[in-house]
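**Q** Here's a structure for you.
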Amino acid sequence: MKKLQLALLVFVMVFIVAVSGCTSTTSNTSDSSSSQNTSSSNASVSNDVSVVINYSGSWACDVSGPFGYRSLSGTGNQTTNMGAVTESVTAAARKTNDGTKTLTVTIKKRR
């Protein structure tokens, strides 16, 4: 039951951030032990939206928006470019292992 409550809380928080437009974040990249897998294009459009997952274990994330529904999964930190989006985007992430570290999902919009 706690996992469901946590997933719901993450979903609601991400939805609020996406709707409010407060989608920029800062991160500490001085940790050389973390790896980052990036799925994005070199050509950036000013309305490009990315979903950023920070978690050292395995995870899954459901993303929806004007582009439809996308299911993402992976292990470790990952940034996925969803393309040019001018409407709301929602994302709900969950751990798919028994890890105890914090999983964060962030929706970022390049302005």
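Read-outs throughout are calculated quantities, based only on the coordinates presented, and are distinct from any laboratory measurement. Everything numeric in this text was worked out from a predicted model, so none of it was measured.
**Q** Show me, for region 68-83, the HN-Hα J-couplings you get by feeding each phi into the Karplus relation (A = 6.51, B = -1.76, C = 1.60, θ = phi - 60°), rounded to Hz, glycine and proline as x.
**A** x, 10, 10, 10, 10, 7, x, 9, x, 5, 8, 10, 10, 7, 8, x
**Q** State the extension gain, in nm to one decimal, for the chain segment bounded by Ser88 and Arg70, taking 0.36 nm per residue of separation less the distance between their alpha-carbons. Don't skip to the end; give the middle numbers.
**A** Working: separation 18, 0.36 × 18 = 6.48 nm, distance 1.42 nm.
The span from Ser88 to Arg70 would gain 5.1 nm if fully extended.
**Q** Let me ask you something else. Using amide H atoms built 1.01 Å from N in the peptide plane, name the residues 5+ places from Asn77, or on other chains, whose amide H lies under 5 Å from its own.
**A** Amide H neighbours of Asn77: Ser35, Asn37, Tyr55.
**Q** May I ask you to evaluate 6.51 cos²θ - 1.76 cosθ + 1.60, the Karplus curve with θ = phi - 60°, for each residue of region 105-111 and list the ³J(HN,Hα) values in order in whole Hz, giving x for glycine and proline?
**A** Per-residue couplings from phi come out as 10, 10, 9, 10, 10, 6, 10 Hz.
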